[in-house]
Structure formats: structure tokens, C-alpha cells
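The values are calculated or read from the model by the stated rules, or taken from the named source; none is laboratory data. Everything numeric in this text was worked out from a predicted model, so none of it was measured. For neighbour counting, all protein chains shown are included, and Cβ atoms are generated from backbone atoms with ideal geometry for every residue, glycine included. For accessibility, only protein heavy atoms count, side chains too; no ligands or nucleic acids. Shrake-Rupley method; radii C 1.70, N 1.55, O 1.52, S 1.80 Å.
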Amino acid sequence: SWVNKFMWLVVKYKNNELQILKNSLVKKLGEKPIFFIPKIKYQQYYKNKLKTYEKNILENYLLCYHHKFSSPSLISNLKYIKGLQYFLKNFTYNQREIVQFISYCKKYQDTNGYLNQDFFNFQKIKQGKFLSGPFTNWMFEVIENQKEKLKVLIGNITTIISKKTYYLYRSV
């Protein structure tokens, strides 16, 4: 069946134990699985300096593929590996959606694998929050949503943001 052709797990890992989990999976499977972790690169002021950070948009979740994941007994065996919090249940029924989500993410990745602003573009955005750039963590209100740009209000300042900007923002 189609489900057995692709076998992606949705994995929740313990805080700060991503590398431990990856190593545990390699050790148990005998080879490295494919990991997919969609992330963004953003900037934030820290002690008056603009620092660059990266963030997993799925928080403590990752998508993991291995041909052996079609074996229910193996999945049952993996439940207690180091770094793992749990596997999302019913992953076998959601393979098509998982693959579609990965394809959608890959469509909006830059050459370094980070998601670009097009991933976050919302047709009906009313309010947002900057994730990078000089207005990091500032909220804004959309006055006008045009095809290539947003006219926004930041505090009491009106400005225009190009939708092709390098600054990331999200809807709130």
C-alpha cells in the first residue's frame, strides 16, 4: 500500500536532547535516518548587539524517515530510546500530509535550508510580529495588504514592508 512506501515519524524530543536522540536512532537502526527540521534564522538584540539565532518552527518536534519504520515492532522497540519524549500516534495514517508539509517547507527554503518569508505569508494577516531585523519582537498592525507589500503601523509609525524582504514576521 501507499503508506508502506513512505514512512515518516513525527517525533517529540526532550528539551536540549536532539543530538542524543539522533545518536540513539542511528545506534538502534544501524544507519542514519533522514531528519527534517524546518527552521528559521532570525536576529535579536542582546546587550545592545544584533545577534543571529536559528529556531525550529516545530519547537521540540522533528520529522524522521527510515525504511524500517514500516515495522510496528521496531517502532514499539524505539519508544524508550534516549532523548525521545514520544512518537505522535497515528503517523501511519498521515503519511500523505507529512510528505505534503515537507514539500511545502522545501519550496520556501533558502540555499542554507532556512525558511524564507514566503513560507509565512498570510493572505488575511491583520496583525503581526517581527521575527528578525531592526524591529525584532515588535508588533505591527496591517493597514493595507497589497500584492507585493504590506502597509503597516508600528506603534504610531506607518511604513511599508516588501513581502520579499529579508525580515521575517508572522501573524499573531
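Percent of accessible area on the chain owned by carbon and sulfur, 1.4 Å probe? Please report the intermediate quantities before stating the final value.
Values: 5670 of 11240 Å².
Ligands and nucleic acids excluded, carbon and sulfur reach 50 percent.
What residues have an amide H closer than 5 Å to that of Y169, excluding those fewer than 5 places away on the same chain, when H is modeled at 1.01 Å from N in the peptide plane?
It is L131, by chain and number.
Which of (i) 25, 18, 16; (ii) 29, 20, 15; (iii) 37, 19, 12 is the computed semi-axes √(5λ) of the Cα gyration tensor in Å for the structure on display?
This structure yields the entry labelled (iii).
So for region 56-129, Kirkwood radius off the Cα pairs, Stokes-Einstein at 4 °C and 1.567 mPa s: how many µm² s⁻¹?
Numbers: Rh = 15.1 Å.
Rounded to a whole number, D works out at 86 µm²/s.
If you take the Cα Rg of region 77-172 and divide it by 2.2 N^0.38 Å, with N the number of residues, what do you get? Write out the running numbers ahead of the final one.
Values: Rg = 17.9 Å, N = 96, 2.2 N^0.38 = 12.5 Å.
The reported ratio for this selection is 1.44.
Find, among the chymotrypsin sites (Phe, Trp or Tyr not before Pro) in region 94-167, those assigned to loop by DSSP (not H, G, I, E, B) with at most 16 other beta-carbon atoms within 10 angstrom.
Working: sites: F101, Y104, Y108, Y114, F119, F120, F122, F130, F135, W138, F140, Y166, Y167; in loops: Y108, F122, F135, W138, Y166, Y167.
Passing sites in region 94-167 are Y108, F122, W138, Y166, Y167.
For K12, go through the lysines and keep the ones whose alpha-carbon is under 23 Å away, minus same-chain ones fewer than eight residues off.
Of all the lysines, those that pass the test against K12 - Cα under 23 Å, at least 8 places apart if same chain - are K22, K27, K28, K32, K39, K41, K55, K68, K79, K82, K89, K106.
Hey, can you find the accessible area per residue of region 1-157 for me, probe 1.4 Å, expressed in square angstrom?
Details: 10240 Å² over 157 residues.
That works out to 65 Å² per residue.
In nm, to one decimal, how far is the modelled label at Y46 from the one at K124, with both set 7 Å along Cα→Cβ?
3.8 nm
Please go through region 23-96 and write out the GluC sites (Glu not before Pro) that DSSP classes as loop and that have at most 14 other C-beta atoms within 10 Å.
Numbers: sites: E31, E54, E59; in loops: E31, E59.
For GluC sites (Glu not before Pro) across region 23-96 that sit outside H, G, I, E and B with at most 14 neighbouring Cβ atoms in 10 Å, the list reads E31, E59.
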